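These notes concern the structure reproduced below.
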Amino acid sequence: MGHERLGLLPKTKRWSVIVEELAGSMVPQKKVESVARETIRNIQGRLFQVNEDSGVIAAFKFIVALSVSAQYSDSLDFLHSLGIVIGSNASPYFVAKAIHSFVSTHLGSPEYGNLAQSAAVDAISVWHNDNRNQLRLFDTGRDSLEVWRKTGGGAGFCELSRLFFAKFTERYINYFLERVLSSTAESISDREELNQRLSEHVEVMSKHAFETAKITQSFAAGWFNKYADRTVPSDEEIKRFLRIAFGKLTEELGRDAKT
């Protein structure tokens, strides 16, 4: 576990093609590849050390705890015993508030912690939306707990954790790509065009990040079944998991840069 190699994962679009479409006429064709590689290198540099950050560990621990709590009939009481207070309503709105509260008490680097917190909130929201036919922001009563029951095993957890890693990666893709491309903009109109293109390609980059995060999925399922059976693993074990998972993402992004 942790050493599985899946080979080159298929992507809907190659990374260099996405960059080329975004750059348009602002970046000469011969520089598109270097822009794509620089963006990936910047992201890899962040992912290489992010598993050490206490805020990132706390954000992912929340994801793990939510999934473990689904194994208990008194899920909210179990979470409360861990210092995670949701109240009596487990709708995405109140879960998001609990994430903010939990991560803020463990914050290390503001950059890493806030990004991980946002990624966790995004993952929770997407999961809930995908697993309910009729999503209501302020669900009440027992119904608000039922959707999370699906995360209580390896299969459900690996989907939720994949969303977390995808949203984490997506935010860095947007940040660094905008920064690299902005350095090529020579006028205000160029910057306005860039912002428009970035806005139009949000869904494309989100899909690319989700496809990239697939490499974490089978490892996450095996890890959860081994270490999270009715208990939340220690921070050290979560840190070890994050080191391997972010390492897999770094490798996969490296393949993107070469294709």
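The values are calculated or read from the model by the stated rules, or taken from the named source; none is laboratory data. All values derive from a computational prediction rather than experimental measurement. So basically every Cβ, Gly included, is an ideal-geometry build from the backbone, and we count neighbours across all protein chains shown.
The set of residues from the range 63-81 being charged (D, E, K, R) and in a helix (DSSP H, G or I) comprises just one member, Asp77. Evaluate the range 178-187: report whether one residue or more is surrounded by fewer than 20 Cβ atoms within 10 Å (Cβ to Cβ), at pLDDT 75 or above and closer than 17 Å to Asn42 by Cα. Checking the range 178-187: at least one residue is surrounded by fewer than 20 Cβ atoms within 10 Å (Cβ to Cβ), at pLDDT 75 or above and closer than 17 Å to Asn42 by Cα. Scanning the range 121-147 for residues that are at pLDDT below 85 and acidic (Asp, Glu), we see that the one that is surrounded by the most Cβ atoms within 10 Å (Cβ to Cβ) is Asp139.
Residues checked against (1) out of contact with any Asp or Glu (no Cβ under 9 Å at 6 or more places or on another chain); (2) assigned to a helix (DSSP H, G or I):
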{"position": "Val85", "(1), (2)": "yes, no"}
{"position": "Ala90", "(1), (2)": "no, no"}
{"position": "Val95", "(1), (2)": "yes, yes"}
{"position": "Ala98", "(1), (2)": "yes, yes"}
{"position": "Trp127", "(1), (2)": "no, yes"}
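Here Ala209, Ala220 are screened, and the one residue that is within 30 Å of Asp74 (Cα to Cα) and either modelled with pLDDT of 95 or more or in a helix (DSSP H, G or I) (or both) is Ala220. Listed by first and then second residue, the pairs with beta-carbon distance under 7 Å, at least 6 apart or on different chains, first residue in the range 90-106 and in contact (Cβ under 8 Å) with a residue 12 or more places away in the chain, second of a type in the set (D, E, K, R), are Ser91/Asp139. Checking the structure you have, find out if any residue of the range 41-62 is more than 26 Å from Ala220 (Cβ to Cβ), in a helix (DSSP H, G or I), among the small types (Gly, Ala, Ser) and at pLDDT below 90. No: the range 41-62 contains no residue that is more than 26 Å from Ala220 (Cβ to Cβ), in a helix (DSSP H, G or I), among the small types (Gly, Ala, Ser) and at pLDDT below 90.
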